[in-house]
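*Asks:* Before we start, here is the structure in question, set down as C-alpha cells.
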Amino acid sequence: MSLSAAYDCCRQIARRHYENFPVGSLLVPRRLRPHFYALYAYCRVSDDLGDEGDEAGRARALEAWEEELRGALSGRAAGPVLTALADTASRFDIPHQLFFDLLRAFKQDQEKRRYRSEQELLGYCRYSANPVGRMVLYLAGAATDRNLQLSDCVCTGLQLANFCQDVSVDLTKGRVYFPLDDLLECSYSEVDLAAGVQNDAFARLMRLQCARARSFLLRGMPLARSLPFRLGLEIRLICLGGLRILEKVEASGPLVLAHRPALAPLDFAGMLVRLAW
C-alpha cells in the first residue's frame, strides 16, 4: 500500500466515527490534517481493540497490535494505519513512548475496573489521555515544557468529562471511573451506582466529578494562546466542547445514569459564538 493510500485510510476512519469534538476540522492547517487523521486512526483502532470483540481476546489483540506498532516504528512493513503513523512520527519527531503509553491504558482497562483515589484515577489519565495532546503539540512544533503541562490539563479534563458523560456506558462494561473515595465521601455506594439509585448523594457525586473535570479544563485553556492561531482556536473549541458536555451532564441530573448526554448542532453553534468572544 502506498503512503498516500495509508493516509487516505486514516482519513476515512476519522470521518466515519462520531465524536463530541471535531477531528481535523477546518481550523487545523491543511498540511497537518493527514497527520491528525493518522494519530486519530491509531487511537481509534487501539481503543476499539480494547473495547470490542471477545473480552477474553482483547488483551491478546492489544499485545499483537503493540508488536505490529513496534515493527512499524522500526521500519518493517505494516498495515495502513501504522504505516501512516510511523511516517507521521518520523516527520515530526514524535517520541515513540507516547504511542506505547496509550496502549498501556487500554491494556490496563482489561485488568483494572476500579480506582480508589483521585490520584489513582489521574494516574490512569496520564496514559489514557495525556499522550494524545502531547502528540498534537509535536505536530504543531510547540512541545515546550509549559505547553506539555497545559496540554496534560486539557486532556485530563476531557477524559474526566468523558467519564461523567459515559457513566451509563461504562457501567455496562463493569467499569467505574469515579474514585471510590468520592463515593464514600458522598455516602453513595457501588451497589447504588449499579442499581441506578437517583438521590441527593448521587447529585453530590456528579457535582464533584464535574467540578474536577472543569478545573482541569480551565487550567489548560491558556494553551490555546501559546499555539499558532488556527490550531489555538481548535484547542479552544475542544475545551469549550468539554465544558459544554459538563453543563449538559449537570443539567441531566440523575438521567445521566440512563442516558448519555451528547452535543447537538445548537451546542456547536453556541461554542462558535463563545469562540468569537
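*Asks:* Among what's in the range 157-174 and is in a loop (DSSP other than H, G, I, E, B) and of a type outside the set (D, E), pick the residue that is surrounded by the most Cβ atoms within 10 Å (Cβ to Cβ).
*Replies:* Here is the first cut: in the range 157-174, the ones in a loop (DSSP other than H, G, I, E, B) are 166, 173-174.
Subsequent filtering for residues that are of a type outside the set (D, E) retains 173-174.
Details: K173: 12, G174: 10.
Per the criteria, the residue is K173.
*Asks:* Looking at (1) within 30 Å of D145 (Cα to Cα); (2) surrounded by 14 or more Cβ atoms within 10 Å (Cβ to Cβ), which is the one condition that is false for D181?
*Replies:* Single failed check for D181: (1).
*Asks:* Take the range 106-148 and flag every residue that is under 30 Å from R31 (Cβ atoms), exposed (fewer than 14 other Cβ atoms within 10 Å of the Cβ) and not charged (D, E, K, R).
*Replies:* Residues satisfying the conditions are G141, T144.
*Asks:* Before we move on, is R70 out of contact with any Lys or Arg (no Cβ under 7 Å at 6 or more places or on another chain) and buried (at least 16 other Cβ atoms within 10 Å of the Cβ)?
*Replies:* Against the criterion (out of contact with any Lys or Arg (no Cβ under 7 Å at 6 or more places or on another chain) and buried (at least 16 other Cβ atoms within 10 Å of the Cβ)), R70 does not qualify.
*Asks:* Please determine, by comparing only the residues of the range 1-20 that are buried (at least 18 other Cβ atoms within 10 Å of the Cβ) and closer than 23 Å to M271 by Cα, which one is modelled with the lowest pLDDT.
*Replies:* The qualifying residue modelled with the lowest pLDDT is N20.
*Asks:* Follow-up. Out of D200, D181, I need the residue that is acidic (D, E) and modelled with pLDDT under 95. Which one?
*Replies:* Sole residue among the options that is acidic (D, E) and modelled with pLDDT under 95: D200.
*Asks:* Which of the residues spanning the range 203-256 are among the aliphatic types (A, V, I, L, M), modelled with pLDDT of 95 or more and in contact with a Phe, Trp or Tyr (Cβ under 7 Å, 6 or more places away or on another chain)?
*Replies:* Within the range 203-256, just L205 meets the criteria.
*Asks:* Quick check on this structure: which one of L98, L139, L85, L102 is closer than 25 Å to L3 by Cα, more than 16 Å from the chain's Cα centre (by Cα), part of a helix (DSSP H, G or I) and not assigned by TED's automatic domain parsing to the domain that holds A211?
*Replies:* L85 is the lone residue from the list that is closer than 25 Å to L3 by Cα, more than 16 Å from the chain's Cα centre (by Cα), part of a helix (DSSP H, G or I) and not assigned by TED's automatic domain parsing to the domain that holds A211.
*Asks:* Inside the range 114-136, can you point out the residues that are among the polar types (S, T, N, Q) and either in a loop (DSSP other than H, G, I, E, B) or in contact with a Ser or Thr (Cβ under 7 Å, 6 or more places away or on another chain) (or both)?
*Replies:* S117, N130
*Asks:* I'm told E111 meets every condition in (1) closer than 22 Å to V45 by Cβ; (2) part of a helix (DSSP H, G or I); (3) of a type outside the set (S, T, Y) except one. Can you identify the failing condition by its number?
*Replies:* Of the numbered conditions (1) closer than 22 Å to V45 by Cβ; (2) part of a helix (DSSP H, G or I); (3) of a type outside the set (S, T, Y), the odd one out for E111 is (2).
The values are calculated or read from the model by the stated rules, or taken from the named source; none is laboratory data. These numbers come from a predicted model, not from an experiment. Here the Cβ is made from the backbone with ideal geometry for all residues, glycine too, and neighbour counts use every protein chain on show.
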